[in-house]
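Enquirer: Have a look at the structure that comes next, please.
Every number here is computed from the coordinates shown, using simple stated rules; none is lab data. From a predicted model like this one, the values you see are computed outputs, not experimental measurements. As a convention, Cβ positions derive from the backbone with ideal geometry for all residues, glycine included, and neighbour counts pool all protein chains shown.
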Amino acid sequence: MTNYHSHCSFCDGRASMEDFVKEAIRQGFTSYGISSHAPLPFPTRWTMERKDVPAYLEEIHRLKQQYDAEIEIYAGMEIDYLDAGSNPAIEYFQQLPLDYRIGSVHLLESLEDGLVDIDAPVGRFKVILPVYFGNDLKGMVQKYFDKLMAMVETGGFDILGHADKMSYNASCCDPSLLEAPWYNRLIKEYFSLVASKGIMVEINTKAYNDTGIFFPHVKYFPLLRDLHIPVLVNSDAHFPARINNGRQEALEALKANGIPAVMELHQGKWEETPIG
């Protein structure tokens, strides 16, 4: 078992880094990665600040040494794409001694009031849409994917985080979204770009136990297969007890859709590992 997307008390996770590592060992994980939310150019409640990064890296190094005989521990970071000046590819993030980087989009430019966190519960999303985006769901979704594709073009990261996270909230506003031709054209264009860049895509299982949904949606697993996109399963856990949530179900869904292997870190190298 592996997991490379998790958060701890250095950002918005709900336990210490060591608590997550101990739980991973208890559950028999072979490798585990910590990927706290990277600093943004402004303070937030859910990201680290730059002053905390040295302590973050030192703690991962300490845990690597302490638990070396029991588990492989890796240093990651989930880095937001904001714009050309703040993204995973900038020098600051590239010079950090990380084992891997996750690229994600959580913030979107609203019509008038600057950046808005669109990675919100459904109830909050339904407020954000009319207040900050003029109730233009299609426009908001297009803007989200434009930003994702700009991130993919810019690069600087290894793993694409929760690839279509917008889809669940947007589908709660428009249940026909995933069947809309314009949306599926957008998805195909997006994943075709991802494939051309050789980026790994995580099957994010954070919401699976509550909603039965993976990110990307299981509907697009055949597209990932046909585009030969390497995948891995990550839980995006914020609580130690949830580090393995949805993993087995995701592996079974991948295999059922003709994807026989996932990417795992072994002795610091990404390797294709057969499922089951």
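Enquirer: How much length is gained on full extension from S176 to D113, taking 0.36 nm per residue of separation minus their Cα-Cα distance?
Expert: Value of the extension gain: 19.8 nm.
Enquirer: With a ≥ b ≥ c the root eigenvalues of the C-alpha gyration tensor of the range 206-272, is it rounded (a/c under 1.5), prolate (a/b larger than b/c) or oblate?
Expert: oblate
Enquirer: Using packing as a proxy for protection, rank 252-263, 137-148, 26-37 so that the peptide with the highest average count of other Cβ atoms within 10 Å comes first.
Expert: Highest mean packing first, the order is 26-37, 137-148, 252-263.
Enquirer: Quick check: net charge around N245, other residues with Cβ under 13 Å of its Cβ, Lys/Arg +1 and Asp/Glu -1?
Expert: My count for the surroundings of N245 gives -1.
Enquirer: Per DSSP H run of n ≥ 4, the term is -39500 (n - 2.57); total these for the chain, divide by its residue number, and report the mean residue ellipticity at 222 nm rounded to 500 deg cm²/dmol.
Expert: For the chain, the value works out to -11000 deg cm²/dmol.
Enquirer: So for the pair E272, A241, with labels modelled 7 Å out along Cα→Cβ, what separation do we get in nm?
Expert: The two pseudo-label positions are separated by 3.9 nm.
Enquirer: Ranked by Cβ crowding within 10 angstrom, fewest neighbours first, how are V116, V194, V21 ordered?
Expert: Placing the least packed residue first, the sequence is V116, V194, V21.
Enquirer: Note down the net charge around S31, summing +1 for each Lys or Arg and -1 for each Asp or Glu among other residues with Cβ under 9 Å from its Cβ.
Expert: -2
Enquirer: Could you work out the equivalent-ellipsoid semi-axes for the range 86-209, taking the square root of 5 times each eigenvalue of the Cα gyration tensor, largest first, in whole Å?
Expert: For the range 86-209, the semi-axes come out at 25, 17, 14 Å.
Enquirer: Now for a different question. Taking Cα centroids, how far is the range 185-237 from the range 112-142 in Å?
Expert: First find each Cα centre; the distance between them is then 23 Å.
Enquirer: Ok, one more. Tell me which residues come under 5 Å, amide H to amide H, from S31 once H is placed; ignore anything under 5 positions away on its chain.
Expert: Result for S31 returns N3, E72.
Enquirer: Kindly identify the range 40-117 as rounded, prolate or oblate by the Cα gyration tensor criterion: order the square roots of the eigenvalues as a ≥ b ≥ c, call it rounded if a/c is under 1.5, otherwise compare a/b with b/c, prolate if a/b is larger, else oblate.
Expert: Taking the square roots of the gyration eigenvalues as a ≥ b ≥ c, the range 40-117 is prolate.
Enquirer: At what distance in angstrom do the alpha carbon centres of the range 259-276 and the range 50-78 lie from each other?
Expert: 21 Å
Enquirer: Quick one: divide the alpha-carbon radius of gyration of the range 2-274 by 2.2 N^0.38 Å and tell me what you get.
Expert: Cα-based Rg divided by the globular estimate yields 0.96.
Enquirer: Apply the Karplus parameterisation 6.51 cos²θ - 1.76 cosθ + 1.60, with θ equal to phi minus 60°, to every residue of the range 101-110 and state each ³J(HN,Hα) to the nearest whole Hz, in sequence, with x for glycine and proline.
Expert: Result, ordered by residue: 10, 9, x, 9, 10, 10, 10, 10, 5, 7 Hz.
Enquirer: Starting at the first residue of the range 144-156, write each ³J(HN,Hα) from the Karplus equation 6.51 cos²θ - 1.76 cosθ + 1.60 with θ = phi - 60°, in whole Hz, x for Gly and Pro.
Expert: Listing the rounded values in order: 4, 6, 4, 5, 4, 5, 5, 5, 4, 4, 6, x, x Hz.
Enquirer: Once a ≥ b ≥ c are taken as the square roots of the eigenvalues of the Cα gyration tensor of the range 128-192, is the result rounded (a/c under 1.5), prolate (a/b larger than b/c) or oblate (a/b not larger than b/c)?
Expert: Note, shape of the range 128-192 comes out prolate.
Enquirer: If you build a Gaussian network model of the chain, linking Cα atoms that sit under 10 Å apart, which residue out of A55, A237, A195 swings the most?
Expert: Comparing A55, A237, A195 in a Gaussian network model of the chain, the most mobile one is A55.
Enquirer: Quick one: order F157, F42 by neighbouring beta-carbon count within 10 Å, fewest to most.
Expert: F42, F157
Enquirer: Neighbouring Cβ atoms within 10 Å as the yardstick, rank R247, R45 fewest first.
Expert: Ordered from fewest to most neighbouring Cβ atoms within 10 Å, R247, R45 come out as R45, R247.
Enquirer: Ok, one more. With θ set to phi - 60° and the Karplus curve 6.51 cos²θ - 1.76 cosθ + 1.60, what are the ³J(HN,Hα) couplings of the range 77-83 in order, to the nearest whole Hz, using x for Gly and Pro?
Expert: In residue order, the calculated couplings are 7, 9, 10, 7, 8, 9, 6 Hz.
Enquirer: Using only the Cα atoms of the range 76-119, each taken as one equal point scatterer with no solvent, compute I(q) by the Debye sum, divide by I(0), and report log10 of the ratio at q = 0.29 Å⁻¹.
Expert: Debye curve over Cα of the range 76-119, log10 I(q)/I(0) at q = 0.29 Å⁻¹: -1.03.
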